[in-house]
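K.L.:
There's a structure below that I have some questions on.
Each value in this text was obtained by applying a stated rule to the coordinates, not by laboratory testing. Note that the coordinates shown come from a computational prediction; the quantities given were computed from them, not determined experimentally. Cβ placement follows ideal geometry from the backbone for every residue including glycine, while neighbour counts extend to all protein chains displayed.
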Amino acid sequence: MKNINIIISVFFLLFLSSCVEYEEIELNESERKIVVVGEISDGGFAKVDIQKSINYAIGLNYLIGEDSSPIDHISGAKVTISDSKGASEVLVESSKEKGTYYGSIIKGESGNTYNIKVEYEGEIVRGHCFMPNSIDITRLDFEGKFNQTDEWNDDSDETFDYFHNVDIYWNDPKGQDNYYMIGRWIEEEDEELSWNHWYFVLLDDKGKDGSQIKYTYGLNEYRNSKDTLFIEVRSLNRDVYNYLKGIDRISSGADNTLFGTPGNPNSNLEDNNIGVFNAYSKCTKKILKIEEK
């Protein structure tokens, strides 16, 4: 089989785990590189994860349980965040999360450009990202409600509300290209059962400039009316949006061929470095009790 050099982060592979078809792929060993995944949101502080890239086949083995822990988090890096107003800070590595660095001084503000600089063993990774203005979710509607007993517990008579869809409405800012990530998660009343995983879809405003946007999100799960539902719309920079679309193409198999493996998505980090730096604004709605419209 053809030998192929490929470097890809476990961060990327985690996006692919539910969709990639596994097959025997012979790969040459590639030089491991720094992978930087950073973010800052409006009103929030910066967070940056740094690790070493891994061979694509090793990453697949990790996902299917044949390799216990290929993730090599990078400790001891110098991570600097600065903004277009001249503020700057060096992030502090977490004592509990190796390779994860947190800011505590610069708070994200829409309309600003943020810069990242990572220094480690003589290597320097730089990137920058403009933070767009946030939108406001103007309305949420729920459809397809019915009650059903807990199918996972035969001894329980408790009923759950089940919703097929939630309709999300917001007004698109006029006269500019806008890019969105729409996500939701649920926190259950019983913390032991809580699954606050983030699920998201990507959307742009092509053909909808300045109009009201409606997006229908399929929930497809049971929930107790005492649980908490969160809906969030993030406004993304175009480069970050394109990066995430690249992740989506890989996960859908669009970048897979019979002759090779998917490559790394285009990054907004300089000099073809691996990873992404995401400065985004957001609007979050917290729903404590759902009532069907």
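K.L.:
Greater than 20 Å separation of Cα atoms is the criterion. Which listed pairs, Lys214/Lys286; Lys47/Lys107; Lys33/Lys85; Lys52/Lys117, meet it?
P.N.:
Flagged as over cut-off: Lys33/Lys85.
K.L.:
Turning to a different aspect of this structure: Among 265-276, 206-217, what's the highest-first ranking by average C-beta atoms within 10 angstrom per residue?
P.N.:
Highest to lowest by the protection proxy: 265-276, 206-217.
K.L.:
Here's another thing I want to ask about it. Computed over the Cα atoms of the range 79-147, what is the convex hull's projected area averaged over all directions, in nm²?
P.N.:
8.9 nm²
K.L.:
Give, in nm to one decimal, the length gained when the segment between Asp172 and Arg139 is fully stretched (0.36 nm per residue of separation minus the Cα-Cα distance).
P.N.:
Length gained between Asp172 and Arg139: 10.5 nm.
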